[in-house]
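The values are calculated or read from the model by the stated rules, or taken from the named source; none is laboratory data. Note that the structure is predicted; figures quoted are calculated from it, not measured. All Cβ positions, even for glycine, are placed from backbone atoms using ideal geometry, and neighbour counts span all protein chains on display. The accessibility values were calculated without ligands, DNA or RNA, using every heavy atom of the protein model including side chains. Shrake-Rupley method; radii C 1.70, N 1.55, O 1.52, S 1.80 Å.
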Amino acid sequence: MEINTNEEKRSLSFVEQFVEEDLAEGKNGGRIQTRFPPEPNGYLHIGHAKAICMDFGVAERYNGICNLRFDDTNPSKENNEYVENILNDISWLGFKWGNIYYASDYFEKLWEFAVWLIKKGLAYVDEQTSEEIARQKGTPTEPGVASPYRNRPIEESLALFNQMNTPEAVEGSMVLRAKLDMANPNMHFRDPIMYRIIQTPHHRTGTKWHAYPMYDFAHGQSDYFEGVTHSICTLEFVPHRPLYDKFIDFLLEKETGAAPEQANYRPRQIEFNRLNLTYTMMSKRKLLALVEEKFVSGWDDPRMPTISGMRRRGYSPQSVRNFIDSIGYTKFDALNDMALLEASVREDLNKKALRVSAVLNPVKLVITNYPDGQTEEMEAINNPENEADGTHTITFSKNLWIERDDFMEDAPKKFFRMTPGKEVRLKNAYIVMCTGCTKDADGNIVEIQAEYDPTSKSGMEGANRKVKGTLHWVSADHCKQAEVRIYDRLFNVENPSADERDFRELLNPESLQILSNCYVEEYAAERQPGEYLQFQRIGYFMTDINSTADKLIFNKTVGLKDTWAKQAKNG
């Protein structure tokens, strides 16, 4: 097979090395086919993004196909909302699937295979409770105890298996188990459960089925039915691989009648490390609890590690892909620093974000010698990193808003912002000198006064004299009020997944700060969700999906500088 060389030279991951070995040996007729198999029981998170990049990336590199297969074998937790969001997330990341499949497409074939195993004496119906079955499993060093139903007659198991798939079947009353090896040191081989009863309508098949296959029984067979050559998954499936291969052996015997080693095709499972991030939880079950218990506003809350949350917050798909590529794929689990992800976001957004002016903690600045009622249109560069992005205009006037932190009445020597008696430049406009300030009865500064130098306008000939400070601003009469949402880490501990306390106790109560009295220039107010913005001197932002003309809302994506190291140091 021809390898796609339309990418920069880089070292191969160990997964790609395995793929190239299989190609060199001529396995599977030189085909490369992968799959991404999410269960539609929640929204995808950045851990899934790593698997997506691997599954689709291998197919792209070797001119193969990556199909999307929904592992919809548990109707009690799955629905079409999750299906639609998974499709959206993969597309947003920039990948295209070859075909869309569902595990439910194979329910008939899987049922037939299970019946074949029963008839071969390789499966039986067990009527014990789940607790009894668990007690009989043994330990890795002690063999398990055989079920009293292990040697029940084949015809009896067949009749009971059919009974499992009826509306009258009681959940938990019976399961179908493979008859393998109760003494095997690999616990997954100790007569694993293949089917269980679930009396919940399926989002695709309705009430046709009442017994559903377990993941270990459905997954490998689905790979085989589809023609998958490389079934790439995460490290927790390493102990499942022998069972994956065993079921494939049985299926090859059923389908071809030949010995497994004589088969021209079989899928190969390869495992890589999961993506773990500091101050982040990746468990879909716990993320679902955060949503249902309203600790967050939804799956796409910008504090969530979900792809939709990151998209809403303002992350770019390329920044996510660059981050995943930078940490690589290994056979060892690691905890990756959130600062690395944010650095990737910052680097990518610096290339694409439109520069706009916004003031988050405003104080009035009056240019006392500027003519009343006069305005000027100042030219602002949209993106200094990309000349093709052009410019826009921002209105200058007598009354401005500036950041409160940019003024200090009694400033230290190295304070290069606004203070009485010193000059600063207002970005894209004039040099001004602060002449004083006005306070209210409580001593709070409510207004700052300054005088401008009419000969110092940016771009004006001779206006390039140096001052040490440059401040951003917006015209008080030509701006829009906005709400700005500032996000912090969702959890207070570095590795919440490893903490034995209830994860709810680990939540950061200050993970969301809402600033309601902010001002943005009119050009910024016109930006839509999906447009990357840099609020100059502050950070990267994006218009929220709930923003309206009457109530502007912006989400802070990431600051201009790394703050994670400082947070970690301060605990």
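For the stretch 102-156, give me each residue that is touching a helix residue (DSSP H, G or I) at 6+ places or on another chain (Cβ under 6 Å) and at pLDDT below 95. None - no residue of the stretch 102-156 is touching a helix residue (DSSP H, G or I) at 6+ places or on another chain (Cβ under 6 Å) and at pLDDT below 95, so the list stays empty. Note on the stretch 174-226: among residues that are part of a loop (DSSP other than H, G, I, E, B) and hydrophobic (A, V, I, L, M, F, W, C), the one that is surrounded by the fewest Cβ atoms within 10 Å (Cβ to Cβ) is Ala183. In the stretch 390-418, the qualifying residues are those that are out of contact with any helix residue (DSSP H, G or I) (no Cβ under 9 Å at 6 or more places or on another chain) and of a type in the set (Val, Ile, Thr), and the one that is nearest to Glu379 (Cα to Cα) is Thr391. Scanning the stretch 476-488 for residues that are surrounded by 15 or more Cβ atoms within 10 Å (Cβ to Cβ) and either modelled with pLDDT under 95 or touching a strand residue (DSSP E or B) at 6+ places or on another chain (Cβ under 7 Å) (or both) turns up Ala476, His478, Cys479, Lys480, Ala482, Glu483, Val484, Arg485, Ile486, Tyr487.
Residues of the stretch 235-294 that are open to solvent by less than 40 Å² (accessible area, probe 1.4 Å), among the β-branched types (Val, Ile, Thr) and either assigned to a loop (DSSP other than H, G, I, E, B) or over 18 Å from Lys331 (Cβ atoms) (or both): Ile248, Thr278, Thr280, Val291. Per the conditions (1) open to solvent by less than 20 Å² (accessible area, probe 1.4 Å); (2) modelled with pLDDT under 95; (3) closer than 15 Å to Ala476 by Cβ, the sole criterion not satisfied by Gly373 is (1). If the condition is being open to solvent by 70 Å² or more (accessible area, probe 1.4 Å) and in contact (Cβ under 8 Å) with a residue 12 or more places away in the chain, then the stretch 376-402 contributes Glu377, Glu379, Ile381, Pro384, Glu385, Thr391, Thr393.
Only residues that are among the aliphatic types (A, V, I, L, M), surrounded by 20 or more Cβ atoms within 10 Å (Cβ to Cβ) and under 16 Å from the mean Cα position of the chain (by Cα) were counted in the stretch 335-354, giving 2. Taken over the stretch 458-475, residues that are part of a loop (DSSP other than H, G, I, E, B), in contact with a strand residue (DSSP E or B) (Cβ under 6 Å, 6 or more places away or on another chain) and within 30 Å of Ala549 (Cα to Cα) amount to 1. Scanning the stretch 404-424 for residues that are closer than 20 Å to Leu360 by Cβ and touching a strand residue (DSSP E or B) at 6+ places or on another chain (Cβ under 7 Å) returns Arg404, Asp406, Phe407, Arg417, Met418, Val424. For the stretch 151-159, does any single residue satisfy the condition of being open to solvent by 40 Å² or more (accessible area, probe 1.4 Å), within 28 Å of Gly42 (Cα to Cα) and touching a residue at least 12 places away in the same chain (Cβ under 8 Å)? Checked the stretch 151-159: no residue is open to solvent by 40 Å² or more (accessible area, probe 1.4 Å), within 28 Å of Gly42 (Cα to Cα) and touching a residue at least 12 places away in the same chain (Cβ under 8 Å).
Yes or no, residue by residue, for (1) part of a strand (DSSP E or B); (2) free of Cβ contacts under 8 Å to residues at least 24 places away in the same chain; (3) at negative phi; (4) open to solvent by less than 20 Å² (accessible area, probe 1.4 Å):
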| residue | (1), (2), (3), (4) |
| --- | --- |
| Ser319 | no, no, yes, yes |
| Asn322 | no, no, yes, no |
| Asp325 | no, no, yes, no |
| Tyr329 | no, no, yes, no |
| Asp333 | no, no, yes, no |
| Val363 | yes, no, yes, yes |
| Pro412 | no, yes, yes, no |
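Within the stretch 445-457, the set of residues being open to solvent by less than 10 Å² (accessible area, probe 1.4 Å) and not in a strand (DSSP E or B) comprises just one member, Ser456. If you go through the stretch 9-55 and pick out every residue that is part of a helix (DSSP H, G or I), open to solvent by 40 Å² or more (accessible area, probe 1.4 Å) and among the hydrophobic types (A, V, I, L, M, F, W, C), you end up with 2. State whether the residues of the stretch 519-541 include one that is β-branched (Val, Ile, Thr) and crowded, with 17+ Cβ neighbours inside 10 Å. So far as the stretch 519-541 goes, yes, one or more of its residues are β-branched (Val, Ile, Thr) and crowded, with 17+ Cβ neighbours inside 10 Å.
Across the stretch 59-107, the qualifying residues are those that are open to solvent by 40 Å² or more (accessible area, probe 1.4 Å) and among the β-branched types (Val, Ile, Thr), and the one among them that is nearest to His230 (Cα to Cα) is Ile65.
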